[in-house]
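A short worksheet on the structure shown next.
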Amino acid sequence: MRDEPIDTIWVCVDCLMHAANGECGSCHDGPHDMEPLGAIGDGYSVTPGMTYEDHEDDCLIRGGRDNAPDDYECECEHNSFSTSQCEGCGSWLHGKREAMTLWRVEGS
């Protein structure tokens, strides 16, 4: 069995930076003091961005990167302000959310 994408999740900037860099710089300085990506269970992993299929219907990225010009900028993976809970750490702190793909890890 190979890793398979489960869904797109929406995470706070701290969770995104933690996934990209192993730390976010302000992981525990904020008012919520949540563990970045702490809500991701065992047997799962995340990667920044979303699968092609999860992009908006009119997005040129939806069919694959080859369909879009080199200078094309897609906004599907960004939410500039959200009141929803971060699906990475569970924080209810409102703000920017970024898309990540949740994967079921092989052998889990």
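Every read-out reported here was derived from the displayed coordinates using simple, explicitly stated rules and does not represent laboratory data. Just so we're clear, the structure is a prediction, and the values are computed from it rather than from any experiment.
At 222 nm, what helix-only mean residue ellipticity would the chain give, in deg cm²/dmol to the nearest 500, using -39500 (n - 2.57) for each DSSP H run of four or more?
Mean residue ellipticity, 222 nm, calculated: -2500 deg cm²/dmol.
For a test of the definition: using alpha carbon positions, the gyration tensor, and the 1.5 limit on a/c, classify the chain as rounded, prolate or oblate.
Since a/c reaches 1.5 but b/c is at least a/b, the shape of the chain is classed as oblate.
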